[in-house]
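Some notes on the structure that comes next.
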Amino acid sequence: MTASTTPQWAQWIVAALLVASGLFALIAGWGLARLRHFFLRMHPPALVATGASWCVTLAVIVYFSTTHGRLAPGSWLII
């Protein structure tokens, strides 16, 4: 299936979620390089990386749910 079968509003939501995921990953990398101690380096980037993976999962759910015309619960297995 192509992106043309997906509604325009769904394409915008998927794009926004993927951009947010990229920003989360960028923040996680910045925090990993910037913070001084081991525990400071591990905890916040792990939380931000979790948020990034949730954004990607939600983008996949929105995309496949609108493309197939029904809820795509199998995408929850990604998380």
Which residue pairs have Cβ atoms under 6 Å apart, sit 6 or more places apart or on different chains, and have a first residue in region 53-73 that is among the small types (Gly, Ala, Ser) and a second that is open to solvent by 30 Å² or more (accessible area, probe 1.4 Å) and part of a loop (DSSP other than H, G, I, E, B)? 65/71
Looking at region 31-50, is at least one residue closer than 19 Å to residue 79 by Cβ, small (Gly, Ala, Ser) and in contact with a helix residue (DSSP H, G or I) (Cβ under 7 Å, 6 or more places away or on another chain)? yes
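Name the single residue that is surrounded by the most Cβ atoms within 10 Å (Cβ to Cβ) among those in region 1-19 being small (Gly, Ala, Ser) and at pLDDT 95 or above. Explain how you work it out, then say what you get.
Going through region 1-19, the residues small (Gly, Ala, Ser) turn out to be 3-4, 10, 15-16.
Pick out the ones that are also at pLDDT 95 or above and you get 15-16.
Details: 15: 11, 16: 13.
Among those that are small (Gly, Ala, Ser) and at pLDDT 95 or above, it is 16.
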Under 9 Å by Cβ, and 6 or more places apart or on different chains, what pairs join a residue from region 7-23 that is closer than 21 Å to residue 50 by Cβ with one that is outside any helix (DSSP H, G or I) and open to solvent by less than 40 Å² (accessible area, probe 1.4 Å)? 14/6
Could you list, in sequence order, the residues of region 24-42 that are free of Cβ contacts under 8 Å to residues at least 12 places away in the same chain and either assigned to a helix (DSSP H, G or I) or within 23 Å of residue 61 (Cβ to Cβ) (or both)? 26, 30, 33, 34, 38, 39, 40, 41, 42
Residues located in region 43-79, provided they are at negative phi and not in a helix (DSSP H, G or I): 70, 71, 72, 79
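The values are calculated or read from the model by the stated rules, or taken from the named source; none is laboratory data. Quantities reported herein were computed from a predicted structural model and do not represent experimental measurements. Note that each Cβ is placed from the backbone with ideal geometry, even for glycine, and that neighbours are counted across all protein chains shown. Keep in mind that these areas ignore ligands, DNA and RNA; they rest on the heavy atoms of the full protein, side chains included. Shrake-Rupley method; radii C 1.70, N 1.55, O 1.52, S 1.80 Å.
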